[in-house]
1. Would you confirm whether or not region 330-348 contains a residue that is at pLDDT 95 or above, touching a helix residue (DSSP H, G or I) at 6+ places or on another chain (Cβ under 6 Å), of a type in the set (A, V, I, L, M) and surrounded by 15 or more Cβ atoms within 10 Å (Cβ to Cβ)?
2. Considering T13, T44, T6, T26, which residue is among the polar types (S, T, N, Q), assigned to a strand (DSSP E or B) and either within 30 Å of I106 (Cβ to Cβ) or within 16 Å of ligand 2 (Cβ to nearest atom) (or both)?
3. Quick test of your reading of the structure: G285 fulfils all but one of (1) surrounded by 16 or more Cβ atoms within 10 Å (Cβ to Cβ); (2) over 26 Å from I371 (Cβ atoms). Name the failing condition by number.
4. For S237, indicate whether it is surrounded by 14 or more Cβ atoms within 10 Å (Cβ to Cβ), under 20 Å from F127 (Cβ atoms) and of a type in the set (S, T, Y).
5. Give region 157-188 a look and list any residue that's among the small types (G, A, S) and at pLDDT 95 or above, or say none.
6. Could you tell me whether A412 is loosely packed, with under 13 Cβ neighbours inside 10 Å and hydrophobic (A, V, I, L, M, F, W, C)?
7. Go through (1) within 27 Å of N170 (Cα to Cα); (2) within 12 Å of ligand 1 (Cβ to nearest atom); (3) assigned to a helix (DSSP H, G or I); (4) out of contact with any Asp or Glu (no Cβ under 7 Å at 6 or more places or on another chain) and name the single condition I49 misses.
8. Every residue in region 22-44 that is of a type in the set (A, V, I, L, M) and under 30 Å from R171 (Cα atoms), please.
Amino acid sequence: NLQSQTLTFKAETKQLLDILIHSLYTEREVFLRELISNAADALTRMQFILLTEREVVDPEVELKITLIPEPEKRILRIIDTGIGMTAEEMIENLGTIAHSGARAFIQAVKETQANPNDIIGQFGVGFYSAFMVADQIEVISRSYQPNASAARWYSRGQETFQVEPAEKTNRGTEVILYLKEDANEFTQSVRLREIIKKHSEYIPYPIYLGDDQQPVNRQSALWRQPAKEIKPEDYESFYKQLTLDFQPPLFHLHLVIDAPVQVYALLYIPASPERGLLSARQEEGLKLYARKVLIQEYNRDLLPSFFRFVDGVVDSEDLPLNVSRESVQATRLLAQLKRILTTRLIEALKNWAKEKPADYITFWQRFGRYIREGIATDEEFGELLTPLLRFPTLYKPDQWLSLDDYILTMPARQNKIYYLISDSVGSALNSPHLEIYRRHHYDVLLLTDPMDPFMMLHLKKYQNLEIANAATEELSPPDTTSEAQETEKKPLSTEDEARLISRIKSILGDRVADVRTTQRLDESPARLVGRQGDPPQELQRLYRLLNA
Ligand code: ADP
Ligand code: MG
């Protein structure tokens, strides 16, 4: 049986508490977001258990969150009907820092010597953030398991916390905050309502305030509402509540599809590929709901791996609720959903590029490497990505051209797409390989990304045109009369030519296999070409990259 016991916080928890208690952080209202999100997590886990188990405490009770402010006592209670905690779970969960955001915060304070008050808001510090506004916290909880008894956790946020038996007959957790003198605002209904609206609007359970029978939050799943009724700022605020990203997303796609499968999806492209310490979503994958029930926090089977930077929510009526277990039906449906989501997202990106080219280029510059990777590695969807590519070219080195644009401006006699691999646009433009293309008035794509050679091994054709490496392609000079004449009057006699070649060979020695004359160059004295039978330049680059 449970004894009353006093335990000591772990060292890093103490550090965190010390910072939080003395915090002068002005947006300390985020503590409420953290406590509400914990309550919502506990409710989601309960909802999942209830799918298969009825032998629980209070099987019929409404899944909800209730806030009860008591201004005269300066107390705020946050009550949920979630999964609850046993005494052991309280010791485990509320005695250590499990939360990665909290750990990252401490790390950042140590390493950057930043003022904690300046950076606290960038980290979800979890449960302990309540010590910014409260000098004592009590948690009374009753687990859903019928034979577990209720327990009480109490701390003043210093060295220790206490755990002891408690009286609580109904299921769930009650967090009681004894607010600091200067935190009275958090007992004011108007203020609480405003905070809930701002940070917790889309929590999928009703949040009640005091005796009010009307939930404060909208809670309805945004993705299930008709797109016409949703304002751009609703999409943005949903994204921010989902990810805790403080930058708005670059792009979103809202899908409502009835056939061949029924699915709602809300997909976002974040502003930056770095998920960062700050994100509420620490892993890749989409949130998967089946009939409004959250069944997977991070599902990676719904989009190909090159789209792993995409965040969002997918909800299907057709999925069985046991999707997380092995099931043939679920696997087949997931594959079908993946095909639909992927092709629709690629289509949407293409349209976006047409409608908002400048925004699309921002996307390309930040996420282009994932698209290149997709072409290089994805058997199923890689080919669909080709229209999304953008490159600088010989004639437009400071712009981003699509392959379609390139083809549109090709001279009629040109019948291939040419590219040149190089380390930078600057060095590409100086390349002797390009001389002959200038003479032909053929444009050349300039490929400078380390991923490009790898990609080009898989990209051989587009719109029925061969895609060819400008450095290795055999291209004769254009057949204009003046040029034909020029090549006739050879600058050197055959004898001199032979002497020049043997001179160059003797200087370069083993470093070259052969030295030959060419008609192809006009201004540059020489160019380097591979030996016949050498691996293609793309592969050589790749080897170099892998050995670097
Ligand atoms: P995180 O939510 O990221 O895990 P927190 O510091 O917010 O980190 O919470 C720590 C842990 O305490 C949670 O993981 C959970 O196990 C437990 N917990 C907190 N609040 C509740 C609650 N209302 N009901 C059940 N468990 C809770
Ligand atoms: Mg939390």
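1. yes
2. On inspection, the qualifying residue turns out to be T6.
3. That leaves (2) as the condition not met.
4. No, not satisfied.
5. If the condition is that a residue be among the small types (G, A, S) and at pLDDT 95 or above, then A166, G172, A183 are the ones that fit.
6. For A412, the condition - loosely packed, with under 13 Cβ neighbours inside 10 Å and hydrophobic (A, V, I, L, M, F, W, C) - is met.
7. I49 satisfies all of (1) within 27 Å of N170 (Cα to Cα); (2) within 12 Å of ligand 1 (Cβ to nearest atom); (3) assigned to a helix (DSSP H, G or I); (4) out of contact with any Asp or Glu (no Cβ under 7 Å at 6 or more places or on another chain) except (2).
8. Answer for region 22-44, where residues must be of a type in the set (A, V, I, L, M) and under 30 Å from R171 (Cα atoms): V30, L32, L35, I36, A39, A40, A42, L43.
The values are calculated or read from the model by the stated rules, or taken from the named source; none is laboratory data. Keep in mind that this is a model prediction, so the values were computed, not measured. Note that we place each Cβ from the backbone using ideal geometry, even for glycine, and neighbour counts take in every protein chain shown.
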